[in-house]
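See below for the structure under consideration.
Just so it is clear, none of the values below were taken in a lab; they were calculated from the coordinates. Remember, it's a predicted structure, so these values are computed and weren't measured experimentally. Don't worry about glycine lacking a Cβ; one is built from the backbone with ideal geometry, like all the others, and counts go over all protein chains shown.
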Amino acid sequence: MHQSPSPLSHGQGTASAWVQRWSHLVPPGGTVLDIACGPGRHLQWFADRGHAVTGLDRCPEALATAARFGEVILADLENGPWPLMSGTQARQFGAVIVTNYLWRPLFSVMADSVAPGGVLIYETFAQGNETVGKPSRPDFLLQPGELLSAFKRLHLIAFEQGFLDNPPRFIQRLVAARPGLQAGIDPAPRRYAL
């Protein structure tokens, strides 16, 4: 089950430092999907950089704000079907962004939604957060290394887990790419600038 402070406070403000740090890996002109986008702070970040953006959330009030930046889709990701199916395949994006959201049954579809040559940028709460605040239920906290095992079929670029102090929280975050050629790009191995 998804847990956030409130439907409108989730996602307000500037883009996550983790998302900002790794957004250069999104292929030029690549589309961006933000899962549980809230009012659209990451949609705005990528739209401002020329990317077409799509946001999913279950809160109509949040999506009303997020709609300023691109396509938004009202969907209950935990109790309904994946809303971005094209036949039997998940619609794919140059980047899939997930912050402050954990619903383990979606891990596979998240990976499937990353287009060849695209990236997954994921950051959410981890075990230990129960000592400093919410979320505190184990169902809402990643176990040590959980993102590494959940997305092992993607090419790992960066991974961190630990404590951040402003605001105090335990997090786990990952950046991973789906191997494959980007349209019109030389088949040489892609360099993921750190």
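At 222 nm, what helix-only mean residue ellipticity would the chain give, in deg cm²/dmol to the nearest 500, using -39500 (n - 2.57) for each DSSP H run of four or more?
-3500 deg cm²/dmol
Under 1.5 on a/c is rounded, so check that first for the range 45-194, then, if it is not, pick prolate when a/b is larger than b/c and oblate when it is not; a ≥ b ≥ c are the square roots of the alpha carbon gyration tensor eigenvalues.
Oblate is the answer for the range 45-194, as a/c is 1.5 or above yet b/c matches or exceeds a/b.
Antiparallel versus total DSSP beta bridges in the chain: what percent is that, nearest 5?
Numbers: 19 of 38 bridges.
If I count the DSSP bridges inside the chain, around 50 percent turn out antiparallel.
Pop a pseudo-label 7 angstrom from the Cα along the beta-carbon direction at both residue 103 and residue 158 and give the gap in nm to one decimal.
For the pair residue 103/residue 158, the computed spacing is 2.7 nm.
Going by average Cβ neighbours within 10 Å, how do the peptides 78-86, 122-130 rank, with the highest at the top?
Answer by packing, highest mean first, reads 122-130, 78-86.
Could you tell me whether the range 93-146 comes out rounded, prolate or oblate from its Cα gyration tensor? Rule is a ≥ b ≥ c as square roots of the eigenvalues, rounded for a/c under 1.5, then prolate if a/b exceeds b/c, otherwise oblate.
Prolate, since a/c reaches 1.5 and a/b exceeds b/c.
Pull up all non-local amide H partners of residue 100: gap of 5 or more, or a different chain, and H-to-H distance under 5 Å with H placed in the peptide plane.
Amide H neighbours of residue 100, under 5 Å, 5+ apart: 123, 124, 125.
With +1 on each Lys and Arg Cβ and -1 on each Asp and Glu Cβ, how big is the dipole of the chain about its Cα centre, in debye rounded to the nearest 20?
That gives a dipole near 360 debye.
Using Cα pairs closer than 8 Å and at least 6 residues apart in sequence, work out the relative contact order for the range 17-177, in percent.
About 19 percent, as a whole number.
For residue 118, list long-range residues whose amide hydrogen, built 1.01 Å from N in the peptide plane, is under 5 Å from its own amide hydrogen.
Amide H to amide H, under 5 Å and 5 or more residues apart or across chains, residue 118 pairs with 178.
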